[in-house]
Amino acid sequence: MSAPTTPPPRVALVTGGSRGIGRAVALAFARNGADVAFSYRREPAAADETASAIRGLGRRVFYRASDAADATDAARFVEEAASELGRLDVVVPNAGIAPDTGWEEVAPETWTHLLSTLLVGPYATVRAATPHLRVSGGSVVLVASIAGFSAYPEELPYAAAKAGVISLARSLALALAPQVRVNAVAPGWVRTGMTRELYDDPRSRTAIERSTPRGRWGEPEDVAAAVIFLASDGARFITGETLVVDGGESLGWRVGRLR
Amino acid sequence: MSDLAGHVVLVTGGSRGIGRAIALELGAAGATVAVHYRSRAADAAEVVRRIVEQGSEARSFSANVANRAEAAAMVRAAGEWKGRLDGVVTSAGIYHGPALEEVGAEDWEEMFRTDVEGTFRTVQAARPFLDRSDRAAVVTVSSVLGSHAAVGGAPYQMAKAAIEQMTRALALELAPRIRVNSVAPGFIRTDINRTGHEDPAFHALVARSTPLKRWGDPEEVAPSVRFLLSREADWVTGTILGIDGGIALR
């Protein structure tokens with residue numbers, strides 16, 4: 001028995017949707033005909049701009065400030081979004097932070113804040129959305145990172161938390177099957193506010209271009225396209241997967257041609 | 001869905017099973033499709049007919065990809081048809097699941113020559129035609145058994161593991177211009193595993209073991225290939241995308 005085809009998502013929820021990858025995801029869903037709920041943390045002007053872009057695409061939008069580190073509010077945001085927009089078909093817990101913590105002196109509060117934002121928040125979002133997704137036969141796309149399976153001592157807690165996101169995708173996929181699919185994307189170096197300093201410095205910008213087999217930085221739209229695909233009917237037999245979107249960055253050694 | 005209008009794509013093993021579903025999906029997405037087959041000319045002609053009916057171009061090409069010279073000649077003919085290839089999908093493959101003591105020299109050679117070397121020679125011969133494209137992408141076909149073990153058919157599992165590492169190695173070697181990715185289907189109902197899904201007990205066992213509680217269909221693999229070939233996946237290379245209903249989860 002094969003699954004009946006599912007219609008395109010009608011309502012998508014994205015946390016951290018005002019800027020960067022989240023914004024690109026929110027707009028891509030709107031462009032594909034979905035109404036969008038998104039949260040943002042601290043830039044109301046950017047949020048207003050994203051909201052009007054979504055409206056400009058003829059879609060409804062619900063948005064408000066909500067810090068992903070606050071699990072209670074993350075769950076409340078999901079309920080409000082479902083009630084405002086009538087249903088939930090896709091949830092993308094995308095909100096993230098990536099402070100340069102290094103590895104030597106990571107304060108316990110830094111750990112707590114990072115894990116709250118990158119792991120507990122997404123968990124709370126998905127948990128709150130589960131009843132709605134079960135009704136719609138929807139799906140979740142988490143936002144991990146190649147830092148979750150490669151070494152990044154410069155941002156050790158971030159990398160560890162992103163490894164946690166990959167794990168979350170697997171366990172939640174099993175927990176929510178067969179009604180709800182859960183997948184993740186693992187971006188490499190994407191040009192966003194989070195990476196602006198690296199991009200603006202010609203040395204680090206070029207170094208990353210060189211270390212990426214595709215020869216360029218990722219754009220938020222590269223990641224959004226993968227999210228849209230995983231949430232689509234074309235991916236209806238895919239669950240528990242982490243789709244790497246990194247221009248080949250994590251592939252292997254770049255020691256030149258082997259001899 | 002991803003638009004492939006203007007793409008010229010070669011699909012090996014395109015006359016049946018997963019390759020057939022891929023050829024049809026790409027045709028529906030607007031691609032011009034070179035449909036490779038080994039022995040089933042009528043089935044390949046039917047795939048071509050259906051693609052043409054939908055308004056895209058298609059033509060069939062025959063070869064046994066286990067034969068190096070035949071594989072290279074077929075790819076050359078497919079590439080010369082339109083003068084370039086924007087995509088290559090290496091779906092030609094065989095499957096058998098014998099126990100260790102039953103694996104004879106012929107089983108071993110046929111498996112590695114078809115699945116591993118067939119895939120490799122196809123990409124090798126396609127390279128000059130992919131070089132002429134500004135959107136070149138290869139999609140190989142692995143299996144959940146390329147990274148998760150099962151009892152029986154060790155050569156098949158090894159062959160698929162080889163295809164996964166081939167995918168990563170060639171993604172690096174052919175960067176930055178040609179992307180190389182793989183799809184790794186789980187239990188999909190096709191001709192080559194008919195003995196599996198037509199056995200009621202095995203059918204039920206697989207459905208039960210798969211978190212999505214069912215077998216997949218070839219039509220559920222094809223959209224991932226379409227995505228990976230499209231410009232939307234422009235920054236995706238070296239990736240193995242599992243399409244397995246979650247069966248690899250534990």
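The values are calculated or read from the model by the stated rules, or taken from the named source; none is laboratory data. On a predicted model such as this, the values are computed, not experimentally measured, just so you know. As a convention, Cβ positions derive from the backbone with ideal geometry for all residues, glycine included, and neighbour counts pool all protein chains shown. Quick note on the areas: whole protein, heavy atoms, side chains included, nothing else; ligands and nucleic acids left out. Shrake-Rupley method; radii C 1.70, N 1.55, O 1.52, S 1.80 Å.
Surface calculation, 1.4 Å probe, protein heavy atoms: B:Phe227 sits at approximately 0 Å² accessible. When the Cα positions of B:Gly186, B:Leu205, B:Pro176 are compared along the charge dipole of segment B:172-214, B:Pro176 comes out farthest toward the positive end, with charges on each C-beta of Lys, Arg, Asp and Glu. Measuring only protein heavy atoms, the 1.4 Å probe finds B:His96 accessible over about 50 Å². Both radii come from the Cα set of segment A:1-130: Rg as radius of gyration, Rh as Kirkwood radius; their ratio Rg/Rh reads 1.03. Mean per-residue shielding of peptide A:242-254 is 6, counting Cβ atoms of other chains within 10 Å of each Cβ.
When you count the other C-beta atoms within 10 angstrom of each residue and take the mean per peptide, B:242-248, A:129-135, B:17-23 line up highest first as B:17-23, B:242-248, A:129-135. Debye-formula intensities of segment B:101-160, expressed as log10 I(q)/I(0) at q = 0.28 Å⁻¹, are -1.14 (one equal scatterer per alpha-carbon, no solvent). Surface listing: B:Arg59, B:Arg208, A:Arg64 arranged by accessible area from highest to lowest gives B:Arg208, B:Arg59, A:Arg64, probe 1.4 Å.
Counting only helical runs of four or more DSSP H residues, what would the 222 nm mean residue ellipticity of chain B come to if each run contributes -39,500 (n - 2.57) and the total is spread over all its residues?
Values: 9 runs with 102 residues, N = 250.
For chain B, the value works out to -12500 deg cm²/dmol.
Distance between the pseudo-spin-label points of B:Leu205 and B:Glu70 (7 Å out from Cα toward the beta carbon): 3.4 nm. Per residue of A:176-188, other chain Cβ atoms within 10 Å of the residue Cβ number 2 on average.
Provide the percentage of antiparallel DSSP beta bridges, counting only those with both residues in the protein assembly as shown; round to the nearest 5.
Working: 0 of 53 bridges.
Taking every DSSP beta bridge with both residues in the protein assembly as shown, the antiparallel ones total about 0 percent.
To put it simply, the accessible area of segment B:8-249 at a 1.4 Å probe is 50 percent carbon and sulfur. When a/c reaches 1.5 or more, the comparison of a/b and b/c decides; with that in mind, is segment A:111-259 rounded, prolate or oblate per its Cα gyration tensor? Taking the square roots of the gyration eigenvalues as a ≥ b ≥ c, segment A:111-259 is prolate. Taken along its principal axes, the alpha carbon cloud of segment A:173-259 reaches lengths of 47, 39, 21 Å, longest axis first.
Within chain A, all pairs of alpha-carbon atoms sorted by distance into 10 Å bins from zero give the percentages 8, 32, 37, 19, 5, 1, 0.
Set the Förster distance to 60 Å, then compute FRET efficiency between A:Glu197 and B:Thr195 from the Cβ-Cβ distance, nearest 0.05. Step by step, r from the Cβ atoms, then E = 0.55. Converting the Cα gyration tensor eigenvalues of segment B:197-243 into ellipsoid dimensions via √(5λ) gives semi-axes, longest first, of 30, 11, 7 Å.
Of all aspartates and glutamates in the structure, those lying under 15 Å Cα to Cα from B:Lys213, and not within fewer than 8 positions of it along the same chain, are B:Asp244.
For the protein assembly as shown, the dipole from Cβ point charges (+1 on Lys and Arg, -1 on Asp and Glu) about the Cα centre works out to 800 debye, to the nearest 20.
Peptide A:218-230 is shielded by partner chain Cβ atoms: per residue, an average of 4 of them sit within 10 Å of its Cβ.
Just round it to a whole percent: the fraction of Cα-Cα distances in chain B exceeding 24 Å. Write out the running numbers ahead of the final one.
Details: 12826 of 31125 pairs.
Tail of the P(r) past 24 Å holds 41 percent of the pairs.
Express the Stokes-Einstein translational diffusion coefficient of segment B:120-250 in µm² s⁻¹, to the nearest whole number, given a Kirkwood radius over alpha-carbon pairs, 10 °C and a viscosity of 1.306 mPa s. Intermediate results must be reported in sequence, preceding the final value.
Numbers: Rh = 15.7 Å.
Roughly 101 µm²/s, to the nearest whole number.
A Cβ-based charge dipole, computed about the Cα centre of segment B:8-249 with Lys and Arg at +1 and Asp and Glu at -1, lands at about 640 debye. Among the aspartates and glutamates, which have Cα under 17 Å from the Cα of B:Lys82 when same-chain residues fewer than 8 positions away are ignored? Qualifying aspartates and glutamates at Cα under 17 Å: B:Glu57, B:Asp131, B:Asp134. Measuring between their Cα centroids, segment B:114-185 and segment A:206-259 lie 16 Å from each other.
Starting from one equal scatterer on each C-alpha and no solvent at all, send me the Debye-based log10 I(q)/I(0) for the protein assembly as shown at q = 0.13 Å⁻¹, two decimals. With one equal scatterer per Cα and no solvent, log10 I(q)/I(0) is -1.25.
What net charge do the residues around A:Val36 carry, taking every other residue with its C-beta under 15 Å from that of A:Val36, with Lys and Arg at +1 and Asp and Glu at -1? Spell out each step's value before the answer.
On the way: positive: A:Arg10, A:Arg19, A:Arg23, A:Arg31, A:Arg55, A:Arg59, A:Arg60, A:Arg64, A:Arg87; negative: A:Asp35, A:Asp48, A:Glu49, A:Glu80, A:Glu84, A:Asp89.
That works out to +3.
With the convex hull constructed from alpha-carbon coordinates only, segment A:97-141 shows a mean projected area of 3.7 nm² over all directions.
Of the peptides B:39-49, A:6-16, the ranking by mean beta-carbon count within 10 Å, highest at the top, reads A:6-16, B:39-49. With Cα atoms defining each centre, segment B:236-250 and segment A:74-138 are spaced 24 Å apart in the structure.
Computed packing ranks the peptides A:48-54, A:240-246 as A:240-246, A:48-54, most packed first, by mean other Cβ atoms within 10 Å.
Think of segment A:11-245 as having a plus end and a minus end, set by charges on the Cβ of Lys, Arg, Asp and Glu; of A:Ala51, A:Gly164, A:Val182, A:Val182 sits farthest toward the positive end of this dipole.
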